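Right, one structure below, let's go through it.
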Amino acid sequence: MKLGIVGNGKIVKEFLTFINDLPEVELKAIVGRESRLSLLKELQDTYRIEQVYTNYQAFLDDPEINTVYICLPNHLHYAYTKEALLKGKHVICEKPFTSNLQEFTELKELALEKGLILLEAITNQYLVNYRTLREQVKDLGEIKIVECNYSQYSSRYDAFKAGEVLPAFDPAMSGGALMDLNVYNLHFVVGIFGKPATVQYLANMERGIDTSGILVLDYTNFKVVCVGAKDCSAPVQTTIQGNKGSILVKGPTSICATFEKISNDGSREIFDHNVHQHRMYEEFYYFNQIIDELNYDKAAAMLEHSQIVMELVDQAKVSAGLVFAADQS
């Protein structure tokens, strides 16, 4: 994979800390705003990135780049991904894929039309612990209740309460608790159980954005509750309850760290098989394989998964009266 990075925020800095552990991924370029040029050059020097750009079109014209990694605020994912696809580049786009299903569908169709790989960077789907957990769920018998809680008080919430609107709480930038935190819970649940019969989003709305909320997913024979909060906090964990036992995952669904399977007879088994300390390593290991091998079947399967999540996001937003600027264009 000959990678070009779009952005220079927190997720980019995290990504760069481990990517040298995947020597197959060649860091060809990074692009950002002119005002961030000094930071871009610092990242270039530290992580041996070949080129720095402050113009996106010049970046896309670089023949050395075959894959573009979009790490921008949520509302920009669609436009920047579309431009990259039109330039013939494979694209890895950070979660949430787009602001709504319509944007996702257009990008999916464009990628298929051009024979390009399009992938969503959603960590949990690629972690060994998560894939192990999917198998262990079968030992729980009939699933009855699933609860995912990803509540993380945001320091930006204080500024929001004081009247300042930052990207994390800006409906014009597709922010809020659903898109920032609860979307991880959605991916976690859909990756195990597939698409639910219905979804409802009970959101705490402030000035047009969801600062926290509860997703209720009905799978007919069992029920799922997903909590995502940026205005309050609680122990972050997930429980999956069946009539023969349960699984407890400590920590966020984005990481899927060590989990414990607890049988009704009281026996316990702990699983911890992630292969790298950074949660993003395994997804990029697989992204590199998919793109280098042009594995369209695997890419299509992951797009199908992302599509289900985007469908649920749209339904959740409607049920809560949550409207982004992108939904009005």
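The values are calculated or read from the model by the stated rules, or taken from the named source; none is laboratory data. If you're wondering where the values come from, they're calculated on a predicted model, not measured in any experiment. Cβ placement follows ideal geometry from the backbone for every residue including glycine, while neighbour counts extend to all protein chains displayed. Heavy atoms of the whole protein, side chains included, go into the accessibility calculation; ligands, DNA and RNA do not. Shrake-Rupley method; radii C 1.70, N 1.55, O 1.52, S 1.80 Å.
Only residues of segment 16-47 count here: report those whose backbone N is under 19 Å from the spot 7 Å along Cα→Cβ of Thr54, or say none. Counting only backbone N, you get 29-46. Structure note, pairs Lys144/Lys298; Lys13/Lys95; Lys2/Lys95; Lys13/Lys298; Lys95/Lys250; Lys144/Lys250: Cα-Cα distances above 25 angstrom occur for Lys144/Lys298; Lys13/Lys298. Carbon-plus-sulfur accessible fraction, segment 202-329 (probe radius 1.4 Å, protein heavy atoms only): 50%. Across the chain, C-alpha contacts under 8 Å between residues 6 or more apart give a mean separation that, scaled by the residue count, equals a relative contact order of 19 percent. With N as its number of residues, segment 250-325 has a Cα radius of gyration that, divided by 2.2 N^0.38 Å, comes to 1.56. Per residue, the convex hull spanned by the alpha carbons of segment 1-84 comes to 85 Å³.
Annotation: average projected area of segment 165-229 is 4.3 square nanometres, based on the convex hull of Cα atoms across all directions.
Hey, what D do you get for segment 100-224 in µm²/s if you plug the Kirkwood alpha-carbon radius into Stokes-Einstein at 20 °C and 1.002 mPa s?
127
Within segment 184-260, all pairs of alpha-carbon atoms sorted by distance into 10 Å bins from zero give the percentages 16, 48, 31, 5, 0.
Note on segment 16-58 and segment 109-188: Cα centroid distance 26 Å, given to the nearest whole angstrom.
Heavy-atom surface analysis with a 1.4 Å probe gives segment 1-125 a carbon and sulfur content of 46 percent of its accessible area. Annotation: per residue accessible area for segment 110-194 equals 36 Å², rounded to a whole number [probe 1.4 Å, protein chains only]. For the pair Ala79 and Ala162, label points projected 7 Å from Cα toward Cβ lie 2.9 nm apart.
In this simple spin-label model, placing a label point 7 Å from the Cα along the Cα-to-Cβ direction at both Thr258 and Arg131 gives a separation of 2.2 nm. Short-range pairs are left out: with C-alpha atoms under 8 Å and at least six residues apart, the relative contact order of segment 171-227 is 34 percent.
Between the alpha-carbon centres of segment 227-244 and segment 260-292 there is a gap of 19 Å.
Put a dot 7 Å past the Cα of Lys10, heading toward its Cβ, do the same for Asp218, and the two dots end up 3.6 nm apart. Using the Stokes-Einstein relation with a Kirkwood hydrodynamic radius computed over Cα pairs, the translational diffusion coefficient of segment 1-140 at 25 °C and a viscosity of 0.890 mPa s comes to 154 µm²/s.
When the P(r) is computed for segment 213-296, the part past 17 Å accounts for 65% of the Cα-Cα pairs. Taking the charge dipole of the chain about its Cα centre, with +1 at Lys and Arg Cβ atoms and -1 at Asp and Glu Cβ atoms, the residue from Leu178, Leu110, Phe15 reaching farthest to the positive side is Leu178. For Glu24 and Asp61, what does the FRET efficiency come to when R0 = 25 Å and r is the distance between their Cβ atoms, rounded to the nearest 0.05? The pair Glu24/Asp61 has a calculated efficiency of 0.55.
Based on the convex hull around the alpha carbon atoms, segment 108-158 presents an average projected area of 7.3 nm².
With the convex hull constructed from alpha-carbon coordinates only, segment 159-305 shows a mean projected area of 11.5 nm² over all directions. Entry for segment 81-136 at q = 0.29 Å⁻¹: log10 I(q)/I(0) = -1.10, Debye formula applied to identical alpha-carbon scatterers, no solvent contribution. Sorted largest first, the principal axis extents computed over the alpha-carbon atoms of segment 51-100 equal 31, 20, 13 Å.
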